[in-house]
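See below for the structure under consideration.
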Amino acid sequence: MRTEYVTITEDRPDEKAIRRAGRILKEGGLVAFPTETVYGLGGDALNPSSSRKIYEAKGRPSDNPLIVHVCRLEDIPPIISREPRGWRELAEAFWPGPLTMIFPKSEIVPKETTGGLDTVAIRFPSHKVAMALIDAAGGYIAAPSANRSGRPSPTMAKFCREDLDGLIDMIIDGGQVGIGLESTIIDLTSDEPTILRPGYITQEMLEKVLEHVEVDTAILSDDSKTPPKAPGMKYRHYAPKGDLSIVEGDQEGVVSYINSQLSALREKGVRTGVICTDETAPLYAADTVKSAGKRSDEEGIARELFRILREFDDEGTEVMFSESFSGSGVGMAIMNRLMKAAGQKIIRL
Ligand code: TXA
Ligand code: MG
């Protein structure tokens, strides 16, 4: 299949191209598109054959459910079977935006889209190109992140091309995304509202709207035997081809530990890399040192993380060390993705 490329940015929406992309989706094809979190790989959410194609293009296990993207609150009642407590308040506070809520699904949502579950994940993104595309496609786009299964989610269209060129009908280039980590997922179908995947919308922000919000304990645990509640969170993910470990401790200790490991590896001719922040970048002696930005700017770090993981692959880095980040606020999402990328390997000094 030949993949068509178009550029549509938020400030220069090309309506003709959006209509063409919408038609591809309505006819059962696949289009990668920008959202405010990461690029999504879209298909018609109500068409079982589109969802099957998404799994195939991604090489993703079909028990891993997709998120249904909408662009109007009125489009939600037809796809849910019951209104869980709290959803309207959350929608009011955070939609459009990087929050996904889990609802009991109605009959019209095919099991192919929900990975066989009776629940459906719904998100109302704030990216203008995404909203226009959802509308043009008929209101419901199923979209996982637009990467091959296991790779970091794409934060730029060139990463969608790397993973999906020739496998899907169209890729819309909307520039670099603003957030860089996937949406926060909150389950409203359990007894207590529970965060299944941390993201830009933090527990603190959610608790300003709902009194109490639980966090799935598997999210930050380094015990890979505790199964997470979101099916997709159990898979090895984001993993670079080389071997990544996270090092946690005070700054001086971390720098000196990593440098001692690096010098031993260099003697053996191993290609090394470090993920760190501006404060410590000049202190490391690795083949490639990548700063994700200022340590105090966690939003900036979130935006760069997946790009950095992909670059290490391109550069053939064999062993990598990453500094660790705070486990709260957006830091919880950063640590969750890093821990997965590292296969839960964390060295606590
Ligand atoms: O920011 C995002 O959410 C991006 C953009 C494209 O919108 N999408 C995204 O989709 O990250 P994906 O497929 O890569 O991740 C979806 C996650 C998986 O971990 C999946 O298991 C979980 O959502 N999920 C989907 N439906 C679910 C359900 N009914 N119950 C529990 N978890 C669900
Ligand atoms: Mg994904």
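The values are calculated or read from the model by the stated rules, or taken from the named source; none is laboratory data. This one's a predicted model, so the numbers in the text were calculated from it and none came from an experiment. Quick reminder, even Gly has a Cβ in these numbers, built from the backbone with ideal geometry, and neighbours come from all protein chains shown.
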Check your understanding: When you go through HIS212, HIS127 one by one, which is the residue that is more than 16 Å from ligand 2 (Cβ to nearest atom), outside the structural domain of MET332 (by TED's automatic domain parsing), closer than 23 Å to LEU309 by Cβ and not acidic (Asp, Glu)?
Key -> HIS127
Check your understanding: under 19 Å from ASN147 (Cα atoms), modelled with pLDDT of 95 or more and not small (Gly, Ala, Ser) - does that describe any residue in the range 70-87?
Key -> no
Practice item. Please indicate, with yes or no, whether at least one residue in the range 151-158 is among the β-branched types (Val, Ile, Thr), under 20 Å from ARG60 (Cβ atoms) and within 15 Å of ligand 2 (Cβ to nearest atom). Key: yes
Point to revise | Of residues in the range 167-194 being more than 16 Å from ligand 2 (Cβ to nearest atom) and polar (S, T, N, Q), the one modelled with the lowest pLDDT | key: SER190
Point to revise | So GLU56, is it more than 24 Å from THR189 (Cα to Cα), away from ligand 1 (no atom under 14 Å from the Cβ) and either in the same structural domain as THR202 (by TED's automatic domain parsing) or not in a strand (DSSP E or B) (or both) | key: yes
Exercise for review: Give the residues of the range 210-231 that are within 12 Å of ligand 1 (Cβ to nearest atom) and at pLDDT 70 or above, sorted by residue number.
Suggested key: ASP216, ALA218, ILE219, PRO228, LYS229, ALA230, PRO231
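Does PRO65 satisfy being surrounded by 18 or more Cβ atoms within 10 Å (Cβ to Cβ) and touching a Gly at 6+ places or on another chain (Cβ under 6 Å)?
yes
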Exercise for review: Can you confirm whether the range 63-74 contains a residue that is out of contact with any Cys (no Cβ under 8 Å at 6 or more places or on another chain), over 25 Å from VAL129 (Cα atoms) and touching a residue at least 40 places away in the same chain (Cβ under 8 Å)?
Suggested key: yes
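Would you mind stating whether SER149 is among the polar types (S, T, N, Q), crowded, with 17+ Cβ neighbours inside 10 Å, in contact (Cβ under 8 Å) with a residue 12 or more places away in the chain and in contact with a helix residue (DSSP H, G or I) (Cβ under 6 Å, 6 or more places away or on another chain)?
yes
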Review point. Pairs under 6 Å by beta carbon, first residue assigned to a helix (DSSP H, G or I) in the range 263-279, partner at pLDDT 95 or above, six or more apart or different chains?
Key: LEU265/THR272; LEU265/VAL319
Practice item. Identify, by number, the condition in (1) farther than 24 Å from LYS229 by Cβ; (2) surrounded by 24 or more Cβ atoms within 10 Å (Cβ to Cβ) that ALA143 doesn't meet. Key: (1)
Review point. Which one of VAL255, VAL330, VAL247 is touching a strand residue (DSSP E or B) at 6+ places or on another chain (Cβ under 7 Å) and in contact (Cβ under 8 Å) with a residue 24 or more places away in the chain?
Key: VAL247
